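A short worksheet on the structure shown next.
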Amino acid sequence: MNFLIGSDVVPTNVNIKHFYKGNVEEIIGRDLLKVWNSVDHRIFNLETPLTDENSPINKQGSNIRVNSEAVKGIKNLKPSLVTIANNHILDQGSQGLNSTMSLLNNNGIPFIGAGLNLKQAAKPFIIKNKNYSVGIYTCAEHEFSIATDSEAGANPFDPLESLDHIYDLKNKCDYVIVLYHGGIEEYRYPSPNLQKICRKIVSKGADLVICQHSHCIGSYEDYTNSKIIYGQGNFLFNKKDNEFWNTGMLIKINVAENFKINFVPIVRTKKGVHLANNSQYHVIMDNFNNRSEKIKDADFVKNKYEEYAEKKFHSYIRNIAGFRKWRSRLDRHVLDNSLADKKYTKYELLKIQNYIECEAHRELFLTGIKKNIR
């Protein structure tokens with residue numbers, strides 16, 4: 001029993017016609033297709049609703065939609081399982097999710113990670129043969145896609161529930177894979193809290209934890225007898241052309257060889273991706289391994305994240321304060337963030353900190369925001 005796991009898949013303008021026709025060789029190339037089809041089971045994250053109706057929800061960030069005809073390409077990738085626990089699966093509301101689930105069901109494509117309610121969304125998937133059983137569990141951080149007890153959406157990571165789900169799944173399976181949709185986009189290291197979460201997931205029974213969503217190859221660590229991958233980059237999502245989005249990797253698992261894990265680097269092309277050539281492979285893997293050595297040092301993880309937080313701080317302040325685009329550009333490029341620095345006093349920042357950090361205040365504030373948006 002062996003697997004290949006890919007990360008985010010979203011058909012875009014550069015390859016949508018090939019998805020419509022189901023011509024996957026044009027999208028991933030002959031060499032990668034050969035590797036992709038060489039395993040028993042293929043898994044990836046479908047990070048878009050498949051629907052012909054445009055009904056975007058109110059949210060911060062982009063609303064993604066791909067026409068239902070693209071399911072031909074999804075099907076011809078021959079997935080054993082598609083995961084849909086992510087921050088975009090509810091972009092077109094419940095109708096978009098319902099359309100996606102119907103299309104996957106009608107085309108015989110198993111999926112997990114979202115449903116008509118929280119109970120459905122949290123269901124895992126178990127793949128068995130006569131020798132082994134492998135459980136797959138997927139969840140997403142809280143953005144605008146999360147299911148509730150009575151509303152459709154994605155399975156959230158909830159430490160009071162998800163860790164129990166993983167523990168229970170481990171009691172039913174020889175191995176457990178957790179696909180965690182979260183982390184910081186275009187950041188190649190774990191935050192201290194993400195590292196803490198993933199290690200706790202391992203302690204509950206996960207043999208492999210893969211963090212998706214960051215749109216870049218990150219780093220990894222061997223923790224106890226398990227492996228945690230903090231970012232595997234995109235699989236098929238040609239949205240940006242930069243150092244983060246231009247490479248990704250597939251995760252290969254050979255269950256019979258003591259759950260052996262290998263990495264398969266891939267490189268963005270105009271139409272999709274291709275298998276990394278020899279020189280590309282070594283550059284990608286050398287950088288990946290070097291970053292992974294660095295995160296063995298807890299001080300590095302903490303200091304690197306604080307450095308990145310400082311870099312992003314003024315952007316958060318401008319957004320919360322409602323700066324218009326021209327004013328944000330002026331502050332960022334000309335005034336060296338002085339407008340953002342003057343927006344809130346130290347005492348006002350302490351109030352904001354308390355509203356976010358204190359559990360009681362955060363819950364009350366978020367509930368009030370949601371009620372007022374509606």
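No value in this document is a laboratory result; all are computed from the given coordinates. Here the structure is a predicted model, which means the values were calculated and not measured. Backbone-built Cβ (ideal geometry, glycine too); neighbour counts: all protein chains shown.
Listing for the model above:
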| item | result |
| --- | --- |
| Added length on full extension, which subtracts the Cα-Cα distance from 0.36 nm per residue, Ser203 to Asp341 | 45.5 nm |
| Label-point gap, in nm, between Ile373 and Asn354 - each point 7 angstrom along Cα→Cβ | 2.5 |
| Size-normalised alpha-carbon gyration radius of the chain, reference 2.2 N^0.38 Å | 1.00 |
| Region 1-79 and region 169-198: distance between their alpha carbon centers, rounded to Å | 23 |
| Euclidean distance between Cα centres, region 201-250 to region 267-315, Å | 10 |
| Loop-located GluC sites (Glu not before Pro) in region 218-257, at most 14 other Cβ atoms within 10 Å (DSSP) | Glu243, Glu257 |
| Modelled FRET efficiency - R0 41 Å, Ser62 with Asn225, Cβ distances, 0.05 increments | 0.55 |
| In region 62-154, trypsin sites (Lys or Arg not before Pro) in a DSSP loop with at most 13 other beta-carbon atoms within 10 Å | Lys130 |
| Chain lengthening between Ser38 and Phe313 when straightened (0.36 nm per residue, less Cα-Cα) | 94.4 nm |
| Potential extension, Phe365-Lys17 segment - 0.36 nm per residue separation minus Cα distance | 120.8 nm |
| Viscosity 1.002 mPa s, 20 °C: Kirkwood-radius Stokes-Einstein D of region 300-373 over Cα pairs, µm²/s | 152 |
| Those trypsin sites (Lys or Arg not before Pro) in region 218-312 that DSSP places in a loop and that have at most 11 other beta carbons within 10 Å | Lys270, Lys296 |
| Folded to 0 to 90 degrees: helix 93-106 orientation relative to the chain principal axis, Cα | 10 |
| Per-pair calculated FRET efficiency, R0 = 25 Å: Asn262 and Lys294 via Cβ, rounded to 0.05 | 0.70 |
| All aspartates and glutamates inside 20 Å of Lys75 as judged from Cα atoms, apart from same-chain residues fewer than 8 positions distant | Asp8, Glu25, Glu26, Asp31, Asp40, Glu47, Asp52 |
| Mean Cβ neighbour count within 10 Å, used as a protection proxy, ranking 17-24, 150-157, 334-341 highest first | 150-157, 17-24, 334-341 |
| Length-normalised contact order for the chain - Cα pairs under 8 Å, 6+ apart - percent | 14 |
| Total charge dipole magnitude, region 2-296, about the Cα centre, Cβ charges on Lys, Arg, Asp, Glu only, Debye to nearest 20 | 660 |
| Of Lys311/Lys346; Lys170/Lys200; Lys196/Lys304; Lys72/Lys252; Lys128/Lys196, pairs whose Cα-Cα distance is over 21 Å | Lys72/Lys252; Lys128/Lys196 |
| Pairwise FRET efficiency - Lys123 versus Lys72, Cβ, R0 = 22 Å, nearest 0.05 | 0.25 |
